[in-house]
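Here is the structure we will look at, set down as C-alpha coordinates.
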Amino acid sequence: MIADVDVVAYEVTSSAFNKITKAKPHIAQAVLRSIARQLSERLRNAAVDLRMSSM
(Lines give C-alpha, C1' and ligand atoms only; values in the text may rest on other atoms or scores of the structure.)
Protein backbone atom coordinates (compact mmCIF):
# COMPACT_ATOMS: atom_id res chain seq x y z
CA MET A 1 0.00 0.00 0.00
CA ILE A 2 1.27 3.46 -0.86
CA ALA A 3 -0.08 6.58 0.85
CA ASP A 4 -0.71 9.79 -1.06
CA VAL A 5 0.59 11.81 1.90
CA ASP A 6 2.72 11.10 4.95
CA VAL A 7 0.77 9.22 7.61
CA VAL A 8 1.23 7.96 11.13
CA ALA A 9 -0.22 4.50 11.67
CA TYR A 10 -0.78 2.71 14.94
CA GLU A 11 -1.20 -1.00 15.46
CA VAL A 12 -3.38 -2.55 18.11
CA THR A 13 -2.61 -6.21 18.64
CA SER A 14 -5.46 -8.62 19.24
CA SER A 15 -4.34 -9.13 22.84
CA ALA A 16 -4.29 -5.37 23.43
CA PHE A 17 -7.74 -5.04 21.85
CA ASN A 18 -9.02 -7.86 24.06
CA LYS A 19 -7.76 -5.96 27.11
CA ILE A 20 -9.53 -2.81 25.92
CA THR A 21 -12.70 -4.82 25.33
CA LYS A 22 -12.67 -6.07 28.91
CA ALA A 23 -11.65 -2.78 30.52
CA LYS A 24 -13.61 -0.33 28.35
CA PRO A 25 -16.23 -2.18 26.29
CA HIS A 26 -17.80 1.07 25.05
CA ILE A 27 -14.49 2.09 23.46
CA ALA A 28 -14.07 -1.30 21.77
CA GLN A 29 -17.63 -1.07 20.49
CA ALA A 30 -16.99 2.40 19.05
CA VAL A 31 -13.84 1.18 17.30
CA LEU A 32 -15.65 -1.79 15.77
CA ARG A 33 -18.56 0.42 14.70
CA SER A 34 -16.13 2.79 12.99
CA ILE A 35 -14.39 -0.06 11.16
CA ALA A 36 -17.74 -1.47 10.04
CA ARG A 37 -18.85 1.95 8.78
CA GLN A 38 -15.64 2.41 6.77
CA LEU A 39 -15.82 -1.08 5.29
CA SER A 40 -19.44 -0.67 4.25
CA GLU A 41 -18.62 2.66 2.58
CA ARG A 42 -15.74 1.08 0.67
CA LEU A 43 -17.98 -1.80 -0.40
CA ARG A 44 -20.67 0.60 -1.63
CA ASN A 45 -18.06 2.58 -3.57
CA ALA A 46 -16.62 -0.60 -5.09
CA ALA A 47 -20.12 -1.71 -6.16
CA VAL A 48 -20.73 1.65 -7.82
CA ASP A 49 -17.37 1.47 -9.58
CA LEU A 50 -18.14 -2.04 -10.87
CA ARG A 51 -21.56 -0.95 -12.14
CA MET A 52 -20.02 2.05 -13.91
CA SER A 53 -17.27 -0.05 -15.51
CA SER A 54 -19.75 -2.57 -16.90
CA MET A 55 -21.76 0.12 -18.75
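The values are calculated or read from the model by the stated rules, or taken from the named source; none is laboratory data. Owing to the predicted nature of the structure, the values given are computational and were not obtained by experimental measurement. Every residue, glycine among them, receives a Cβ derived from its backbone with ideal geometry; neighbour counts consider all protein chains shown. Side chains included, ligands, DNA and RNA excluded: accessible areas come from the protein's heavy atoms. Shrake-Rupley method; radii C 1.70, N 1.55, O 1.52, S 1.80 Å.
Below is a table of values for the structure above.
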{"read-out": "Dipole of the chain [Lys/Arg +1, Asp/Glu -1 at C-beta], most positive-end residue of Ile2, Ser15, Leu43", "value": "Ser15"}
{"read-out": "Magnitude of the charge dipole, the chain, Cβ model with Lys/Arg +1 and Asp/Glu -1, debye to 20", "value": "420 debye"}
{"read-out": "Between helix 14-23 and the chain: long-axis angle, C-alpha atoms, 0 to 90°, nearest 10", "value": "60 degrees"}
{"read-out": "Ellipticity estimate at 222 nm from DSSP helix runs (n ≥ 4, -39,500 (n - 2.57)) divided over the chain, nearest 500", "value": "-24500 deg cm²/dmol"}
{"read-out": "Per-residue ³J(HN,Hα) for the stretch 39-49, Karplus 6.51 cos²θ - 1.76 cosθ + 1.60, θ = phi - 60°, Hz, x for Gly and Pro", "value": "5, 5, 5, 5, 5, 4, 4, 5, 5, 4, 4"}
{"read-out": "Option label - Rg and Dmax of the Cα atoms in Å computed here, alternatives (1) 16.1, 50; (2) 15.2, 50; (3) 12.8, 46", "value": "(1)"}
{"read-out": "Probe 1.4 Å, accessible area per residue of the chain, Å²", "value": "100 Å²"}
{"read-out": "Rounded percent of accessible protein surface that carbon and sulfur make up, the chain, 1.4 Å probe", "value": "61 percent"}
